[in-house]
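Everything on this sheet refers to the single structure shown next.
The values are calculated or read from the model by the stated rules, or taken from the named source; none is laboratory data. Just so we're clear, the structure is a prediction, and the values are computed from it rather than from any experiment. Here the Cβ positions follow ideal geometry from the backbone for every residue, glycine too, while neighbour counts run over all protein chains shown. Calculation scope for accessible area: heavy atoms of the full protein, side chains included, ligands and nucleic acids excluded. Shrake-Rupley method; radii C 1.70, N 1.55, O 1.52, S 1.80 Å.
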Amino acid sequence: MKKYSYVGISFVILIFGIIFIPRIVNRIKDTSVISNDRMSAENPVTNEKLAYIKINGKPRKVPDFAFLNQDSILITNHDYKGKVYVVDFFFTSCPTICPKMTNNLVYLQDELKEYEDFGIASFTINPRFDTPTRLKVYEERYDITDPDWNLLTGDREDIYDLANAGFNIYAAENPEVPGGFEHNGYFALIDQDGYIRSRYDASGNPIIYYRGTIGVDEKMDENGEEEQINILLKDIKKLLKENE
């Protein structure tokens, strides 16, 4: 290559540096511009809408269910049609995480009492013990007042199938653990059409479920996991506004 070719290349590089490098530096300093470059409006991190939880590429819907509540009234998934609601699995004699979970749900109940289209469905994983009568006592003990908060009991296999297959929320009998049952302390958020929804994490992935075992006042547990009840509250309100 001839010498003047090198000179020409050097000249082009010099011009590029003079014109474009200051612009690049300014864009790096301007975080809003960089944010727009990095993530489009469709990117879930910036998207206001909550995620649909998908299985095999299809949004996951709550399976059909029919159980008796604390007033011995048959409640089905159709009773929640048009409502935003939270689902959890518990049992009334639970000595560990259930009281904290229920207290967190009472917090949501009290914060959302003006919304008629909000509800809660709590399924016992010890239906042999948790009759409607015992569920009624539990309702009174925890000051459950929302008419759309149903404490549900029924066939054991149906409840376990709903938990493990319907929601992928683990529940099982285990005589080796306190109380004789073990389960995940998660809350599932359901929209007005029966779809499981959640917010996205910082990496753009759905969090799927919300931690229900850390109290609002605790902020975080001994493992450094932060409470998610307040973000659940915000997301419930977001869904309630979707169909306004």
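Rounded to whole numbers, the Karplus 3J(HN,Hα) couplings from phi for the range 170-185 are 5, 8, 6, 7, 7, x, 7, 10, x, x, x, 9, 10, 6, 6, x Hz, using 6.51 cos²θ - 1.76 cosθ + 1.60 with θ = phi - 60°, and x at Gly and Pro. Both radii were evaluated on the Cα set of the range 54-130; the Rg over Rh quotient, with Rh as the Kirkwood radius, amounts to 0.99. Spacing of the modelled spin labels on Glu140 and Ile55, each 7 Å from Cα toward Cβ, amounts to 3.8 nm. Our coupling estimate for the range 109-126, obtained by passing each phi through the Karplus curve with A = 6.51, B = -1.76, C = 1.60 and θ = phi - 60°, is 3, 6, 6, 10, 5, 7, 9, 6, 9, 10, x, 9, 10, 10, 9, 6, 9, 10 Hz, Gly and Pro reported as x.
Quote the relative contact order of the range 51-241 in percent (integer), defining contacts as alpha-carbon pairs under 8 Å separated by 6+ residues.
28 percent
Using a ≥ b ≥ c from the Cα gyration tensor of the range 118-229 (square roots of the eigenvalues), is it rounded, prolate or oblate, where a/c under 1.5 gives rounded and otherwise the larger of a/b and b/c decides, a/b for prolate?
Rounded, because the longest to shortest axis ratio a/c is under 1.5.
On the accessible surface of the range 51-241, probed at 1.4 Å, how many percent belong to carbon and sulfur atoms? Summing carbon and sulfur atoms, their accessible area is 47 percent of the total for the range 51-241. Computed over neighbours whose Cβ is under 11 Å from that of Phe90, the net charge equals -1, Lys and Arg +1, Asp and Glu -1. Restricting the calculation to Cα atoms, every distinct pair contributes to the Kirkwood radius of the range 51-241, found to be 16.7 Å.
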